[in-house]
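Participant: Starting off with a structure, shown below.
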Amino acid sequence: MPLPATIALCILGVIVILGTICTIRAIKIKKKLPNVKSAVSWTKEEEDKYASLLSEMVKIPTVSKKQEEEYPDFIVFQDKLKELFPLFFAKAENHDVDGNILRKLPGTKPERGALLLMGHQDVVPAEGQTGWTVPPFGGVIKDGCVWGRGAMDCKSTVCCELEAVEELLKEGFDFREDLWFFSARNEENSGGGSDAAAEYLKNRGIRLNVVLDEGGAVIGGVFPKLEAPCSAIGVVEKGFVNLKFTAKGAGGHASTPPKNTPIARLSMFISEVEKKGVFEKKLVSPVPEMFTAIAPYLPLYFRVPLGNLWLYKGLLKRVLPLFSPMAGAFISTTAAFTVSGGSEAPNVLPDSAYVICNMRPSVHQNADKSIAAIKKIADKYDVETEVLYKKDASKTTDTNSREFAFLTKCISECLPDTVVTPYLMTGGTDSRRFEIVCDNVLRFTPTRLTPEQLAAMHAANENIGIPALAEGVKTYKYYIQKYNA
Ligand SMILES: [Zn+2]
């Protein structure tokens with residue numbers, strides 16, 4: 001037999017063997033979610049109460065303020081919290097950090113360590129947003145939901161956390177670990193409240209076992225053909241970079257334009273960045289863990305590649321960006337051109353034009369490396385690069401840690417119809433600041449959100465379902481109870 005035919009047969013044999021191994025493995029990992037009752041339940045009266053608590057919170061327009069600005073609305077809001085959750089605020093030590101709530105409920109066995117629950121008080125503005133069908137700060141309750149700015153992001157988190165603790169206090173629960181609560185008044189504008197609070201703890205030598213913040217939630221439709229909702233626990237946040245790209249030229253009258261004007265060069269530069277894919281694509285933790293978690297619940301044709309990452313990583317790197325922008329963002333740095341400027345008049349050539357680019361560096365290609373990669377393209381078109389702001393990705397919380405496993409177990413018991421998975425956050429929270437006092441920063445609110453509700457975050461008609469709110473309160477309560485057992 002001639003050699004090429006032997007080689008071809010060998011290759012075919014290897015393909016058949018690998019295909020068979022992958023298919024057998026994919027068949028074996030198939031799972032169904034257990035058909036068991038949730039460990040938590042609640043009454044209609046409780047639902048009404050929780051809706052009214054959140055509604056009261058939404059009515060106070062706590063729009064983000066810089067750390068140095070006056071914050072009268074936040075003082076009103078904090079007084080309201082004391083009224084709504086009286087036991088917690090009476091019993092918890094006050095460690096207020098410049099208008100950012102930091103409280104400690106001392107445990108009876110503080111040597112066991114401490115946990116911190118957090119969620120921000122501030123909200124993004126609603127002014128100028130068309131499409132609101134309810135007053136943004138009306139705290140309207142209708143159609144089984146609480147509506148208004150902050151109803152989801154993130155007053156619902158604060159409401160669920162505080163009400164869970166309040167109910168436990170009312171029941172005379174024995175808090176063994178110290179329980180800290182933190183709520184920034186400037187998370188939405190990165191105003192520094194969380195830095196100050198984390199430093200405050202660090203300076204007092206306080207270490208935390210776990211930090212639980214907003215970030216992930218219970219979301220449906222995250223992957224094609226995955227029928228169950230995902231309880232996505234954020235274990236890492238991508239970095240954040242703002243760059244200004246400037247192209248210069250001679251200016252002049254628009255009636256006699258030369259070639260390669262500043263705007264033309266900027267356009268070619270942007271086009272190359274978009275088309276060529278400047279950044280390195282790689283599947284790094286927690287993305288493989290995410291696929292491993294959801295694979296058993298997918299049809300066979302998805303289970304084969306996702307359940308055999310050892311073989312299909314290379315292929316997935318290529319096809320993931322075709323699925324959705326979110327899937328693409330999981331495996332590489334992203335760059336979005338968001339602001340631009342040039343000449344002041346339609347008939348004047350600019351002597352200088354600029355665009356601003358917001359990048360989210362990946363874990364494997366940090367801010368400096370991502371900037372270097374895009375700058376290389378900018379240089380080609382004689383475009384200058386200026387770094388306005390840069391921050392690397394956060395640390396990645398170990399998904400093999402006791403804290404991750406414990407939270408996963410509690411979620412599986414309270415929300416047994418959901419697939420629990422670690423999750424790479426493409427956006428940011430202020431919990432990463434607490435990395436200096438904690439190794440286990442986890443971002444998850446146990447509330448169910450529809451894709452429409454998710455899309456309303458920072459947009460018009462933000463809302464949250466009242467049963468989701470009740471499930472959130474009871475799940476936090478369950479978690480704290482089990483944690484202190
Ligand atoms: Zn938020």
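Each value in this text was obtained by applying a stated rule to the coordinates, not by laboratory testing. Values in this document were obtained by computation on a predicted structure and should not be read as measured data. In this analysis, Cβ positions are derived from the backbone assuming ideal geometry, glycine residues included, and neighbour counts consider all displayed protein chains.
Participant: When N is the residue count of region 48-159, what does its C-alpha Rg come to as a fraction of 2.2 N^0.38 Å?
Facilitator: Taking the Cα Rg and dividing by 2.2 N^0.38 Å, one obtains 1.18.
Participant: Moving to a separate point now. So what is the relative contact order of region 62-170, in percent, for Cα pairs below 8 Å that sit 6 or more residues apart? Kindly include the intermediate steps, with their values, before the conclusion.
Facilitator: Details: 96 pairs, mean separation 30.4, N = 109.
Across region 62-170, relative contact order equals 28 percent.
Participant: By how many nm would the segment from A39 to A336 grow when fully extended, if each residue of separation counts as 0.36 nm and the alpha-carbon distance is taken off? Don't jump to the answer; show the numbers that get you there.
Facilitator: Numbers: separation 297, 0.36 × 297 = 106.92 nm, distance 4.31 nm.
So the chain would gain 102.6 nm between A39 and A336.
Participant: Please report R318, R185 as a ranked list, fewest other C-beta atoms within 10 angstrom at the top and most at the bottom. Display every interim value, and only then the final one.
Facilitator: Values: R318 10, R185 28.
Lowest to highest Cβ neighbour count: R318, R185.
Participant: So, one more: If you rank S55, S324 by fewest surrounding Cβ atoms within 10 Å, what's the result?
Facilitator: Final ranking by Cβ density, sparse to dense: S324, S55.
Participant: Given +1 on the Cβ of Lys and Arg, -1 on the Cβ of Asp and Glu, and no further charges, what dipole in debye does the chain carry about its Cα centre, rounded to the nearest 20?
Facilitator: 2240 debye
Participant: In percent, what relative contact order does region 240-391 have, based on Cα pairs under 8 Å that are 6 or more apart in sequence?
Facilitator: Contact order relative to length: 47 percent.
Participant: Report, in listed order, any pair from K276/K395; K80/K142; K155/K474; K276/K369; K49/K155; K313/K380 with a Cα-Cα distance greater than 20 Å.
Facilitator: Values: K276/K395 29 Å; K80/K142 22 Å; K155/K474 16 Å; K276/K369 17 Å; K49/K155 15 Å; K313/K380 32 Å.
In this structure, K276/K395; K80/K142; K313/K380 exceed 20 Å between Cα atoms.
Participant: Translational diffusion coefficient, Stokes-Einstein: compute it for the chain using the Kirkwood radius over C-alpha pairs as Rh, at 10 °C and 1.306 mPa s, and state it as an integer in µm² s⁻¹.
Facilitator: Once the numbers are plugged in, D ends up at 64 µm²/s.
Participant: Could you list which residues have their amide H under 5 Å from that of V420, counting only those 5 or more apart in sequence or on another chain, with H placed in the peptide plane?
Facilitator: Excluding prolines and chain starts, which carry no amide H, the hits are S231.
Participant: Still on this structure: Between I356 and E227, with labels modelled 7 Å along Cα→Cβ, what's the label distance in nm to one decimal, could you check?
Facilitator: Label-label distance for I356 and E227, simple model: 4.7 nm.
Participant: Another question about this same structure. If you wrap a convex hull around the C-alpha atoms of region 110-174 and split its volume per residue, what is the figure in Å³?
Facilitator: Expressed per residue, the convex hull around the Cα atoms of region 110-174 is 106 Å³.
Participant: What length, rounded to one decimal in nm, is gained on full extension from K380 through to I15, with 0.36 nm per residue of separation minus their alpha-carbon distance?
Facilitator: The K380-I15 span can extend by a further 127.1 nm.
Participant: Can you tell me how much longer the chain between Q129 and V387 gets when fully stretched, taken as 0.36 nm per residue apart minus their C-alpha distance, in nm with one decimal?
Facilitator: Between Q129 and V387, full extension yields 89.8 nm more.
Participant: Let me ask you something else. Per residue of the chain, what 222 nm ellipticity follows from adding -39500 (n - 2.57) for every DSSP H run with n ≥ 4, rounded to the nearest 500?
Facilitator: -12500 deg cm²/dmol
Participant: Please tell me the relative contact order of region 330-460 in percent, rounded to the nearest whole number, where contacts are Cα pairs under 8 Å and at least six residues apart.
Facilitator: Once normalised by length, the contact order is 18 percent.
Participant: What are the ³J(HN,Hα) couplings of region 304-320, residue after residue, when phi is run through the Karplus curve with 6.51, -1.76, 1.60 and θ = phi - 60°? Round to Hz, x for glycine and proline.
Facilitator: Listing the rounded values in order: 4, x, 6, x, 9, 5, 4, 9, 9, 3, x, 5, 4, 4, 7, 8, 4 Hz.
Participant: Separate question: Starting from the Cα of K32, draw a straight line to each of the aspartates and glutamates and keep only those under 12 Å, dropping any in the same chain fewer than 8 residues away.
Facilitator: List returned: E227, D417.
Participant: Give me the distance in nm between label points sitting 7 Å out from Cα along the Cα-to-Cβ direction at D96 and K142, one decimal.
Facilitator: Modelled inter-label distance: 3.7 nm.
Participant: Counting pairs of Cα atoms in region 320-432, how many percent are more than 25 Å apart?
Facilitator: It works out to 45 percent of all Cα pairs.
Participant: Rounded to the nearest 0.05, what FRET efficiency do N203 and L87 give with R0 = 35 Å and r taken as the Cβ-Cβ distance? Could you check? Before the final figure, lay out the partial values.
Facilitator: On the way: r = 29 Å, r/R0 = 0.82.
Plugging the Cβ-Cβ distance into 1/(1 + (r/R0)^6) gives 0.75.
Participant: Does anything in region 12-44 have its amide N under 17 Å from the 7 Å Cα→Cβ label point of L300, and if so which residues?
Facilitator: What the label zone holds, given the 17 Å backbone N cut-off, is 16-32.
Participant: Which order do M326, M57 fall in if you start with the one that has the fewest other Cβ atoms within 10 Å?
Facilitator: On the way: M326 12, M57 24.
Going from least to most buried by this count: M326, M57.
Participant: How long are the semi-axes of the equivalent ellipsoid of region 207-328, taking √(5λ) for every eigenvalue λ of the Cα gyration tensor, in whole Å from largest down?
Facilitator: Details: eigenvalues 343, 84, 35 Å².
Semi-axis lengths for region 207-328 are 41, 20, 13 Å.
Participant: Go through G144, W132, F302 and say which Cα lies farthest out towards the positive end of the charge dipole of the chain; charges sit on Cβ, +1 for Lys and Arg, -1 for Asp and Glu.
Facilitator: Of G144, W132, F302, it is F302.
Participant: If you consider only alpha-carbon coordinates, what radius of gyration and Dmax does region 11-51 have, in Å?
Facilitator: 23.2, 67
Participant: Here's something else I'd like to know. Taking a quarter of the surface of the Cα convex hull of region 240-391, what do you get in nm²?
Facilitator: Projected over every direction and averaged, the Cα hull of region 240-391 covers 10.6 nm².
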